[in-house]
1. Here are some residues: D240, D249. Which one is modelled with pLDDT of 85 or more, more than 25 Å from A203 (Cα to Cα) and either assigned to a loop (DSSP other than H, G, I, E, B) or open to solvent by 10 Å² or more (accessible area, probe 1.4 Å) (or both)?
2. Using the structure shown, decide if L95 is without any contact (Cβ under 8 Å) to a residue 24 or more places away in the chain, under 25 Å from E17 (Cβ atoms), out of contact with any Lys or Arg (no Cβ under 7 Å at 6 or more places or on another chain) and not charged (D, E, K, R).
3. Quick one: in the range 109-139, which of the residues that are small (G, A, S) and open to solvent by 10 Å² or more (accessible area, probe 1.4 Å) is nearest to P23 (Cα to Cα)?
4. For the range 303-329, what are the residues that are open to solvent by less than 10 Å² (accessible area, probe 1.4 Å) and in a helix (DSSP H, G or I)?
5. Please tell me if A292 is surrounded by fewer than 15 Cβ atoms within 10 Å (Cβ to Cβ), of a type outside the set (F, W, Y) and at pLDDT 95 or above.
6. Going through M218, M192 one at a time, which residue ends up being within 21 Å of W57 (Cβ to Cβ) and either outside any helix (DSSP H, G or I) or touching a residue at least 12 places away in the same chain (Cβ under 8 Å) (or both)?
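The values are calculated or read from the model by the stated rules, or taken from the named source; none is laboratory data. Since the model is a prediction, treat every value here as computed from it, not as a measurement. For neighbour counting, all protein chains shown are included, and Cβ atoms are generated from backbone atoms with ideal geometry for every residue, glycine included. Surface accessibility is based on the protein's heavy atoms, side chains included, excluding ligands, DNA and RNA. Shrake-Rupley method; radii C 1.70, N 1.55, O 1.52, S 1.80 Å.
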Amino acid sequence: MITGSLIDRIFSAASIERWNEYPRPAVFTELGKQAHKMAIAWVLARSREGQGEAVDWTALVECGILEFLHRVVVTDIRLPVFDWLMEDAEVKARLDDWVCKALERDLSALAAPLCPRQPEREKNTLRTAHYLATRWEFGFIYKWAGGVVYGIEDTKRDIEAAGVEKTQGIAREMLSPSPGSEAAGLWGFISMFGQLAFQKRWAQTPRVPPTSVLGHAMFVAVVSYLLALEVEAGAGVAVDAFFGGLFHDLPEVLTRDIASPIKTSVDGLDSLIHRYERDGMERNVLPLLPEAWRGQLRKYTESFRWPGGEIVEFCDKLAAYVEASESIRMGLHPRVLEDARRGL
């Protein structure tokens, strides 16, 4: 069973701001960072498959979800401090034990235990994805505050030095890609997906906490995966549900988030928007990826008519309900949120 407290814990990451010691051009949240990390992990894992290497997709997804929940629990510890603490084996063991106890009630209620296996290759993929997502965010922070804020140059050096240790192969190529190369296309795709962090959900409606399309994607992905396990849909369907949830709003990087009442209030508008999104994906997004990958993205972004798609569609609506309900609970409840909560 997926508990209400687990839903609340997942959504709470929308309120966890990153880089809050620096002036920022936009608010980066932990929920959005984890979405970006998992999209990058998908790119890295598909690249591994292209090199003939087997990928344990279930372990990749489940390790990613557990790392996300771990980070939500220890969110008050700044990342450099957290990394330093993790270097002490005894402290790490104690902290991990504390996190496990904090999550025990929610995780033990699930239909199946998450990731009893922790393959090192998938953990390495997640570590690299985590680094690349951090570096992408910091690029914006540095352009905003570089040379101005005390200590930011040290942070820049630390991040660049970590790249030598945490990247290799296609990941390292993406940091300084040759124009027109596969690495350049993949970095373009990663950057484009990350830009969903700048797009707000319910953009014209005051709401607490405000959530980005990127953060919304992670919520839908995680809950879709857990629900697929709950209904015993099968491992392959569950993985599809996760990445389908993660990428289902990718076309909104081209159109922005358009509220459902607007799409449905004008006859034929919804189908026209979908056609624009499909055309835009074919012209601007899919060419960034190897040909063999494109069919999967088409499936995830063009409709919910695939095994597991109905789960993603339900969780997409659940996310909207949670977004509206949480704002109402916090005392900010414009009529559009009241109407949305009643109608979902």
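1. D240
2. So L95 passes the test.
3. G139
4. G309, V312, C315, A319, E323, A324, S327, listed by residue number.
5. Yes; evaluated as a whole, the condition is true for this residue.
6. M218
So that you can scan it fast, the table gives a plain yes or no per residue for (1) basic (K, R); (2) at pLDDT below 95:
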position: G244; (1), (2): no, no
position: T264; (1), (2): no, yes
position: E277; (1), (2): no, yes
position: P287; (1), (2): no, no
position: R329; (1), (2): yes, yes
position: P334; (1), (2): no, yes
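Every residue, every condition in (1) touching a residue at least 12 places away in the same chain (Cβ under 8 Å); (2) under 22 Å from the mean Cα position of the chain (by Cα), yes or no:
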{"site": "W84", "(1), (2)": "no, no"}
{"site": "V99", "(1), (2)": "yes, yes"}
{"site": "A109", "(1), (2)": "yes, no"}
{"site": "A112", "(1), (2)": "yes, no"}
{"site": "E120", "(1), (2)": "no, yes"}
{"site": "N124", "(1), (2)": "no, yes"}
{"site": "H130", "(1), (2)": "yes, yes"}
{"site": "F140", "(1), (2)": "yes, yes"}
